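The structure under discussion appears below in the form of C-alpha cells.
Here, each number is a calculation from the coordinates, and none is a lab measurement. Since the structure is predicted, the reported quantities are computational estimates derived from the model, not experimental observations. Backbone-built Cβ (ideal geometry, glycine too); neighbour counts: all protein chains shown.
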Amino acid sequence: MGKHHYQITVNGETKDVLAEPRELLIHTLREQLGITGPHVGCETSHCGACTVDIDGRSVKSCTVFTAQVAGKDITTVEGLGSPDKLHVLQEMFKEHHGLQCGYCTPGMITRAYRLLQENPSPSEEEVRFGMAGNLCRCTGYQNIVKSILAAAAVMNASQEAAE
Ligand code: FES
Ligand code: FES
C-alpha cells in the first residue's frame with residue numbers, strides 16, 4: 001500500500017506526515033512526530049491509554065487512521081500542560097495521588113479535560129461514567145476520581161474569581 005502526504009494539526013502546530021492509508025493515528029503521533037504522551041495499551045479500543053482530543057471530542061487514537069484526521073485539530077496531553085506549567089488536572093493528579101505507574105495517566109488526563117469542558121461541575125457518579133472508557137491497572141480509580149473532582153473545583157473557583 002502506498003504512502004500519502006497528510007497535514008494534521010497537533011497541539012496547535014500543523015505537521016506534514018507521510019503515512020499509508022491504514023496507519024493508525026497513535027503510530028503517527030508516537031513514531032513520526034515523537035509525541036509520546038498518548039500510550040499504546042491494548043490497540044483494540046479498550047483501555048483508553050491512547051486518548052487524544054480531536055475537534056473537541058475524546059477519541060482513542062488507536063481507533064482512527066491518520067488519513068481520517070487530516071485537517072482536524074488534535075490535542076494530546078503535551079498540549080494541555082508542560083513540566084514548567086502543569087495543567088490543573090496534572091497538578092491535582094499529582095496532589096491526590098491519581099497515578100502510580102503513570103501508564104494510563106496521559107489518556108486519563110486528556111479524557112478528563114474534555115469531560116470537564118462538557119460538564120464543569122460533575123458529580124462523582126458523572127466522573128465515573130465519563131471516565132468509563134479509560135482503564136487503570138494500578139490505582140483502583142478512587143484517587144483518579146478524587147483528582148478530577150478536585151480539578152473541577154479549582155477550575156470553577158478560578159473562573160468565579162475572574163468574573
Ligand atoms: Fe487505544 Fe487501548 S491503545 S484504547
Ligand atoms: Fe498505572 Fe494507571 S497508574 S495503569
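Taking the beta-carbon count within 10 Å as an exposure proxy, list D73, D16 from fewest neighbours to most. It would help to have the intermediate numbers written out before the result.
Working: D73 16, D16 9.
Ordered by Cβ neighbours within 10 Å, fewest first: D16, D73.
Across all Cα atoms of the range 106-163, the radius of gyration (one decimal) and Dmax (whole number) stand at 11.5, 40 Å.
Which entries in the list K85/K146; K72/K94; K15/K72; K15/K60 go over 23 Å, if you measure between the two C-alpha atoms of each? From the list (K85/K146; K72/K94; K15/K72; K15/K60), the Cα-Cα distance tops 23 Å for K72/K94. Amide H to amide H, with H built 1.01 Å from N, E20 comes under 5 Å of H4, counting only residues 5 or more places away or on other chains.
Rounded to two decimals, the Cα radius of gyration of the chain over 2.2 N^0.38 Å is 1.05.
Remark on N11: its backbone amide H falls under 5 Å from those of I74, T75, T76, a criterion applied only to residues 5 or more positions apart or on other chains, H modelled at 1.01 Å from N.
When shorter helices are ignored and each DSSP H run of at least 4 residues is given -39500 (n - 2.57), the per-residue value for the chain at 222 nm works out to -9500 deg cm²/dmol.
Given +1 at the Cβ of Lys and Arg, -1 at the Cβ of Asp and Glu and no other charges, the dipole of the chain around its Cα centre is 440 debye to the nearest 20.
The length gained on full extension between E20 and N119, counted as 0.36 nm times the residue separation minus their Cα-Cα distance, comes to 31.9 nm.
So, in nm, how far is label C138 from label A153 when the simple model puts each one 7 Å beyond its Cα toward the Cβ? It works out to 2.3 nm between the two label points.
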